[in-house]
1. Name every residue in the stretch 345-369 that is surrounded by fewer than 16 Cβ atoms within 10 Å (Cβ to Cβ) and either touching a Cys at 6+ places or on another chain (Cβ under 9 Å) or of a type in the set (D, E, K, R) (or both), in order of residue number.
2. Residues of the stretch 317-335 being part of a strand (DSSP E or B) and either under 18 Å from the mean Cα position of the chain (by Cα) or without any contact (Cβ under 8 Å) to a residue 12 or more places away in the chain (or both), which ones?
3. Given the criterion modelled with pLDDT under 95, out of contact with any Lys or Arg (no Cβ under 8 Å at 6 or more places or on another chain) and more than 29 Å from Pro192 (Cβ to Cβ), identify the matching residue among Pro227, Pro238.
4. Filter the stretch 291-316 down to the residues that are of a type in the set (S, T, N, Q), under 16 Å from Gln354 (Cβ atoms) and in a loop (DSSP other than H, G, I, E, B) and list them by number.
5. Output the number of residues of the stretch 345-362 satisfying the condition of being within 10 Å of Ser315 (Cα to Cα) and either at pLDDT 95 or above or in contact with a Leu (Cβ under 8 Å, 6 or more places away or on another chain) (or both).
6. Note down all Cβ pairs under 7 Å where the first residue falls in the stretch 356-379 and is closer than 23 Å to Leu400 by Cβ, the second is modelled with pLDDT of 95 or more and in a loop (DSSP other than H, G, I, E, B), and they're at least six residues apart or on different chains.
7. Given the options Ser378, Ser382, Ser309, name the one that is modelled with pLDDT of 95 or more and of a type in the set (S, T, N, Q).
8. Just name the residue that is farthest from Leu296 (Cα to Cα) out of those in the stretch 242-261 that are among the polar types (S, T, N, Q) and surrounded by 14 or more Cβ atoms within 10 Å (Cβ to Cβ).
Amino acid sequence: MKPLNSLSPALLCLAFATLAQPTAAAPLVSIGDNVDVFFNGSSSVRWSSNIFRDEDDEVDDIIWSLTPGFEVNLGRGVTNADLSLITRYEIRRYADLDELDTELFNIQLNGSYRTSRLDLSGSAYFREQKSSTGDINLNNDLVESDRLGGRLNAEYRFSPKFSLGSGISYSETEYKDPYDANFSDRERFTVPVDIFYELTPKVDLSIGYSYGETDVSGRPAITTGPPFNFILVPAANPYTTEDHFFNIGARGNLLPKLTGFFKVGYRLRDTDRPGSSQRGTLGIDSDLTWATTPKLTNRIALSRDFGVSGEGVSSENTSVSLTSNYSLNSYFAASVFADYTLREYINVDREENQYRLGARLTYTPNQYWSFGAGYTYSENDSDAVNRTYEDHSVDFTASLRY
């Protein structure tokens, strides 16, 4: 690995350019009474012990990122409608593996509209990604993809006791050439419907149903030449899945210090993929926060759902995420987290256990600046060849909203 002082001065200036920006007490630009424009960017340096998430040949490197961006807010809380547009352009550079250098564009639109009876909220996004995960791995390379999606949620109150919620969400993953030969593009939309009953002024009970459909593209078989004459990635034909989730749940201030929501029920998947049959499982969707003390909050998120891997294989996924945040004082905060995901592939003798552990310290001197340092340990334990890996990473980040 090259030492830090061997990196080009231009790259060092690029990585820390945001640290030279001044602060101010107002948005970068204000247009009229309802529009604010902010600079919203960050700069980071990260060391990773296993860039490619490889099982046998670990390669470490230092990654510099400069991510300038802008945020446009309309409404400023003085109308029933609020709208924000956030754009970011990440310039990513590697200390040794400069063939991986890239630029990634991200844009997201968020909006809401509220009246005495109707609540509307929605978002849309486009993201360019270049990464490697447990089910998206290639030897000595990172996988490039485009992610497109959005959601629209609505809730209408018929009476003080009853309300109806529904909406639609859509996501699309498209792998860029030549990675589309190894991985399957997919499109998914979900339509939930929930009826809420106010049990107390702070707690609502719910009964609901959600319909989801996923279209998975096909891809050819990938083989190697001598002496390794075996199929690395089997051929895959396109197929469609239909998912149903029947559930009951609750939301609100469930206990004096416990807030959030949970849904528990039964999930059912139908598919037209040859050799597959209808499959049912326990369904869970939960996100709860426990305010232990005024300074300590703990969050737990649980999920059990069907999924589709990057290679286009259906799976049952069970995940749990734990996060604890502690406010040391008005400037410093510390957090620790632990995530676990069990991915059980359907009609394939394969199972993966993914773990992620870490800690982070954040320093916020004012409303404009935020500095952070963290450590993350990631592990994937898989039955498949070259899918097991371990990775340690350390990062330092500076963010500015001006």
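1. The answer is Asp349, Glu351.
2. Taking the stretch 317-335 and keeping what is part of a strand (DSSP E or B), we get 317-327, 332-335.
Hits for the stretch 317-335 are Asn317, Thr318, Ser319, Val320, Ser321, Leu322, Thr323.
3. Working: Pro238 fails: more than 29 Å from Pro192 (Cβ to Cβ).
Result of the check over Pro227, Pro238: Pro227.
4. In the first step, residues of the stretch 291-316 are kept if they are of a type in the set (S, T, N, Q); the result is 292-293, 297-298, 303, 309, 314-315.
Right, trim to under 16 Å from Gln354 (Cβ atoms) and you get 303, 309, 315.
Residue satisfying the conditions is Ser309 alone.
5. Kept after step one, since they are within 10 Å of Ser315 (Cα to Cα), are these residues of the stretch 345-362: 345-348, 350-351.
Okay, now just the ones that are also either at pLDDT 95 or above or in contact with a Leu (Cβ under 8 Å, 6 or more places away or on another chain) (or both), so 351.
Of the residues in that region, 1 qualify.
6. Note: pairs meeting the criteria are Tyr363/Tyr331; Thr364/Tyr331; Pro365/Tyr331; Ser370/Thr364.
7. On the way: Ser382 fails: modelled with pLDDT of 95 or more; Ser309 fails: modelled with pLDDT of 95 or more.
After applying the criteria, what remains is Ser378.
8. Let us first name the residues in the stretch 242-261 that are among the polar types (S, T, N, Q), namely 247, 253, 259.
In the following step, the residues that additionally are surrounded by 14 or more Cβ atoms within 10 Å (Cβ to Cβ) were identified as 247, 259.
Working: Asn247: 31, Thr259: 14 Å.
Filtering first and then ranking leaves Asn247.
The values are calculated or read from the model by the stated rules, or taken from the named source; none is laboratory data. Here the structure is a predicted model, which means the values were calculated and not measured. Note: ideal-geometry Cβ built from the backbone for every residue, glycine included; neighbour counts use all protein chains shown.
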